[in-house]
Each structure stands twice: as structure tokens, then as C-alpha cells.
1. May I ask you to list pairs of residues, at least six apart or on different chains, whose Cβ atoms are under 8 Å apart, with the first in the stretch 66-92 being touching a residue at least 40 places away in the same chain (Cβ under 8 Å) and farther than 20 Å from Met1 by Cα and the second being among the aromatic types (Phe, Trp, Tyr) and within 9 Å of the ligand (Cβ to nearest atom)?
2. Among the listed residues Ser121, Ser136, Ser117, identify the single one that is surrounded by 13 or more Cβ atoms within 10 Å (Cβ to Cβ), free of Cβ contacts under 8 Å to residues at least 24 places away in the same chain and within 16 Å of the ligand (Cβ to nearest atom).
3. Go through (1) within 16 Å of the chain's Cα centre (by Cα); (2) within 21 Å of Asp36 (Cβ to Cβ); (3) aliphatic (A, V, I, L, M) for Ala119 and report which single condition fails.
4. Out of all the residues in the stretch 55-70, is one or more charged (D, E, K, R), outside the structural domain of Ser162 (by TED's automatic domain parsing) and touching a Lys or Arg at 6+ places or on another chain (Cβ under 6 Å)?
5. Looking only at the stretch 189-204, which residues are among the polar types (S, T, N, Q) and more than 15 Å from the ligand (Cβ to nearest atom)?
6. Taking the criterion of being outside any helix (DSSP H, G or I), within 15 Å of the ligand (Cβ to nearest atom) and over 22 Å from Pro137 (Cβ atoms), would at least one residue in the stretch 165-188 satisfy it?
7. Name, by its number, the condition in (1) within 16 Å of the ligand (Cβ to nearest atom); (2) surrounded by 18 or more Cβ atoms within 10 Å (Cβ to Cβ); (3) hydrophobic (A, V, I, L, M, F, W, C) that does not hold for Ile207.
8. Surrounded by 17 or more Cβ atoms within 10 Å (Cβ to Cβ), in contact (Cβ under 8 Å) with a residue 12 or more places away in the chain, farther than 25 Å from Ile261 by Cα and among the hydrophobic types (A, V, I, L, M, F, W, C): is that true of Val158 in this structure?
Amino acid sequence: MPGTLYIVATPIGNLEDMTHRAVRTLQEVDLIAAEDTRHTKKLLNHFGISTPLVSYYREKEASRSAALVEQIIDGKDIALVSDAGTPGISDPGSILVNKVREAGLPIVPIPGPSALSAALSCSGLEPGSFLFIGFSPQKTSARRKLFQSLISSQYPIVFYESPHRIHRFIHDAHAVLGDRKVLWAREMSKRYEEIKETSLKLLAETISNEKIRGELVLIIHQGQDERPEKESLEEILIWYRDNSDLSMKDVCKKVAADMGIGRSDIYQQALVLWNKI
Ligand code: SAM
């Protein structure tokens with residue numbers, strides 16, 4: 001009989017969030033594949049678990065997966081864990097899951113903590129759709145391009161961020177998306193947990209000289225269209241020019257998407273209104 005791959009969620013900061021089922025699964029499997037064995041060793045020690053560990057980090061996903069699949073075929077039960085939260089959510093896991101599935105072997109999730117669900121749970125957003133991006137690109141140009149593609153998103157957007165990139169993230173998000181409501185969820189389940197609803201403008205102003213510590217989830221709300229109704233295209237463009245922080249290009253993109261018309265149709269008019277010709 002082949003074994004099973006268990007995908008086990010672990011705490012994102014507070015060890016009391018470990019589920020009974022996660023503890024039992026990690027005790028019972030033959031092997032635990034961990035993103036960082038030293039990190040997971042501390043978790044195992046806390047719960048008195050002595051199951052052998054093997055490292056499974058992003059750079060080794062492909063090579064390690066093949067060996068792990070062989071072991072599952074040979075009847076071994078294996079658990080996959082990441083450093084924190086649910087494996088596969090902005091964490092390694094997908095290559096192993098795909099290989100195990102291709103081999104026709106069973107995959108069982110052991111649900112539990114995730115920064116994504118923790119932040120959403122206290123966001124106060126209407127139940128419904130959201131867009132999960134996770135980490136935005138490191139390069140400014142790529143990050144801005146991503147934000148531009150999200151200008152017209154009808155959904156709140158969930159980002160993961162690290163403290164050393166948060167200033168640039170907020171600066172670019174504000175510059176491209178304009179002022180929007182945002183949920184700031186820092187150090188969730190830890191001692192210095194900070195969860196607040198604020199705005200991109202306020203954050204850009206307040207954190208610029210501040211050292212931010214800890215891990216962060218940001219949920220940026222969809223843009224509020226405050227334009228008065230039944231306006232001409234010219235009035236709409238003027239409204240955005242005078243009331244938003246968007247560049248002319250981004251305004252054209254947003255208005256084109258909102259009105260369902262071609263961008264080139266409004267570009268010429270925008271050039272005149274922005275005094276560019
Ligand atoms: N797989 C994990 C999950 O299910 O949430 C996420 C792993 S990802 C590599 C790490 C990122 O998750 C951090 O940079 C941060 O954005 C977010 N994160 C993890 N723990 C957090 C916490 N306690 N508070 C706020 N954000 C957290």
C-alpha cells in the first residue's frame with residue numbers, strides 16, 4: 001500500500017494555534033519535509049515530536065520531490081510543513097503536490113493557520129470575492145506594473161509584505177492606486193500584534209520615517225468611484241486630473257476599463273487636458 005502526503009498547517013506566531021490533528025499527524029508520519037529543518041525542529045521539540053526531518057526548501061523542490069514521491073510509493077507517510085502557516089500559500093509545496101498527484105498518490109490537507117485567512121477574518125470585508133497576490137515583485141518597475149494592472153480591480157487585494165520592503169510598497173501603491181482604504185495586519189497572533197484599518201495616503205505619510213518590524217499582510221480595498229454620474233468623458237478626465245494621484249496614463253487605463261472603451265480613444269483628449277500637446 002502506498003503512503004499519503006499530508007500538507008500540515010503550523011502556527012504563524014503563536015504555538016497555541018497548533019491544531020490537535022496537526023500534532024497527531026506530525027507524530028504519526030514516517031518523515032516530515034520542512035522548509036527549514038532548524039525552524040521546524042523547535043516546533044517539534046515544543047510538542048515532544050521526534051519524527052525524522054528532511055529539508056524541502058524552494059531551491060530543492062524539484063530534486064527533493066522525486067525522492068519523496070518514491071518514498072510515498074514505498075508506503076511511507078510524509079508530512080509537508082513550511083516555516084509558518086499553510087504550505088503552498090506563498091511557500092514551497094506546489095511541485096511536490098503536483099508530482100504526488102501525477103503519481104496517483106493520496107494528498108490530505110491538515111488545515112490550520114494562515115496569515116491570509118487571519119487577516120481576512122478581521123478585515124470586516126463583506127463575505128465574497130477577494131484577490132490574493134501574496135508578495136509583489138521586488139523591482140520597482142515590475143511592482144508598479146502590477147499595481148497598474150490592478151487599478152480597476154473590483155475586488156479587495158491581499159498582499160504579503162516584509163518589513164524591509166514595506167516603505168517602497170506603500171509608496172508605489174499610493175502613487176499608482178491613489179488613496180484607498182487598507183487593512184494593516186502586522187505580527188498577527190504575536191506579542192506586538194497590530195491590526196488597523198487605515199488608508200494608503202495616511203500610511204505613506206506616517207511610516208516614511210518609521211522603522212517597521214515584523215511580518216505584514218495588507219488588504220487594499222477596491223477604488224471608490226466618487227465621480228458624479230452622467231458626465232462627459234472630458235469631465236471625467238478632468239475630475240481624475242484634479243482629484244486623484246494617478247498619472248495621466250493610469251487615468252486613461254482606468255477610465256477606458258470603467259467605460260468599456262479603447263484606451264487610444266481617450267488618450268488624445270487626455271494629452272490636451274494634461275497640457276501635453
Ligand atoms: N504560508 C504562509 C501562510 O499561510 O500565511 C505564508 C508564508 S509567506 C513566506 C510569509 C508572509 O506571510 C510574511 O512575509 C507575511 O506577509 C505573512 N505573515 C506570516 N505570518 C504573519 C503574521 N504573524 N502576521 C502578519 N503577516 C504574517
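The values are calculated or read from the model by the stated rules, or taken from the named source; none is laboratory data. Just so we're clear, the structure is a prediction, and the values are computed from it rather than from any experiment. We place every Cβ from the backbone using ideal geometry, glycine too, and count neighbours over all the protein chains shown.
1. Cβ pairs passing all conditions: Ser90/Phe135; Ser90/Tyr160.
2. Ser117
3. All conditions are met except number (2).
4. No: zero hits.
5. Scanning the stretch 189-204 gives Thr198, Ser199.
6. The answer is yes, given that some residue of the stretch 165-188 is outside any helix (DSSP H, G or I), within 15 Å of the ligand (Cβ to nearest atom) and over 22 Å from Pro137 (Cβ atoms).
7. Exception for Ile207: condition (2).
8. Numbers: surrounded by 17 or more Cβ atoms within 10 Å (Cβ to Cβ): yes; in contact (Cβ under 8 Å) with a residue 12 or more places away in the chain: yes; farther than 25 Å from Ile261 by Cα: yes; among the hydrophobic types (A, V, I, L, M, F, W, C): yes.
So Val158 passes the test.
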